[in-house]
Amino acid sequence: MFSKREAEGYLLVDHTDSPGISAEQAASVRSHLVVPGGTKLETATYNCTNCERMIILNPLRTRERYYCQKCDGYHCDDCALITKLTGVCKTMKQVIEELLARMAKAI
Amino acid sequence: MARRIQAQTTLTPSAYADTTNMTDATYPHFLQGGSPTQVNKIWEISLNGQAASSSSPTFMLLSRDSQTASSANSTSAGQTDQPLDFATAALTSAAQVGTTNTASKPQRSATGHLANCSLNAFGGVYFWRANRAEECFTMVSATAPLGQSSLSAFTGGTPGLIGSHLIYESM
């Protein structure tokens, strides 16, 4: 049986032997990827079906992740808000197919 | 369909703000479609810190580009672009890769950031791999906003020496 977890990507940030990136350093560039010195982050990722941004799964997250029944995929928080407000889910796959169709008609 | 690996032996990236011209050989990679209908997928990104002596927080970003590189695009010293399988046939319109461009330079899009690839270049390792084609980053065409992506350092931190590779597949 197919599980959505089979589609997850794999991310490793290894600062075991490095000063790493502290919360302050990450915050200075508005980054949430905090991996301090002496630690290693090994986690699953998925890409938002709409914008394709990489989502690093935070095991401590308590808010529900937005699952879209229209595209059968997960959205990032930004695209989830747009989908909730407009009811429109336009996946990157659709965008690419439309672009290629326009190109084909133009040839 | 052929997967290729774009590798950079060693490079100290320069930090750039969004929508700023990136100078030749100061960022690890760009990837641009080889034709108006070509689709490229990024399967894997690896960055390995090579800084020798001091902490070097290096805030790397994979991002779509709002300005594409143009004219003669080429790899820089220490950079290669090879098929993963030696039996791969050459494409009629190969994807454009490298870090050197004779005309317009890549500019990172302010709204198209795809992945935060930050690491400390003093001993740090960053590695990401997609598990299925649906989870890859996809480029289409050879023009902005979807035709080109680049891996470059964002402003802030102290970018240090890194080696890197990026595996992509031209469809």
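Brief remarks on what is shown
- The sole residue among B:Gln107, B:Gln50 that is surrounded by fewer than 21 Cβ atoms within 10 Å (Cβ to Cβ) and under 30 Å from A:Val35 (Cα atoms) is B:Gln50.
- If the condition is being polar (S, T, N, Q) and either within 9 Å of another protein chain (Cβ to nearest Cβ) or surrounded by 19 or more Cβ atoms within 10 Å (Cβ to Cβ) (or both), then region A:13-50 contributes A:Thr16, A:Ser18, A:Ser22, A:Gln25, A:Ser28, A:Ser31, A:Thr45, A:Asn47, A:Thr49, A:Asn50.
- The set of residues in region A:24-57 being assigned to a loop (DSSP other than H, G, I, E, B) and within 11 Å of the chain's Cα centre (by Cα) consists of A:Cys48, A:Thr49, A:Asn50, A:Cys51, A:Glu52, A:Arg53, A:Leu57.
- When we screen B:Thr68, B:Thr80 for residues that are crowded, with 19+ Cβ neighbours inside 10 Å, away from chain A (no Cβ under 14 Å) and hydroxyl-bearing (Ser, Thr, Tyr), the only hit is B:Thr68.
- Residue match in region A:63-72 (condition: part of a strand (DSSP E or B) and free of Cβ contacts under 8 Å to residues at least 60 places away in the same chain): yes
- Of all residues in region B:110-144 being in contact with a His (Cβ under 8 Å, 6 or more places away or on another chain) and in a loop (DSSP other than H, G, I, E, B), the one that is surrounded by the fewest Cβ atoms within 10 Å (Cβ to Cβ): B:Gly123
- Residue among A:Tyr66, A:Tyr10 that is at the interface with chain B (Cβ under 8 Å from one of its Cβ atoms), among the aromatic types (Phe, Trp, Tyr) and under 17 Å from the mean Cα position of the chain (by Cα): A:Tyr10
- Conditions (1) under 19 Å from B:Thr138 (Cα atoms); (2) in a loop (DSSP other than H, G, I, E, B); number of the one not met by B:Leu62: (2)
Every number here is computed from the coordinates shown, using simple stated rules; none is lab data. Just so it is clear, the model here is predicted, and its values are computed rather than measured. A quick note on method: Cβ atoms are made from the backbone with ideal geometry, for glycine too, and the neighbour counts reach across all protein chains shown.
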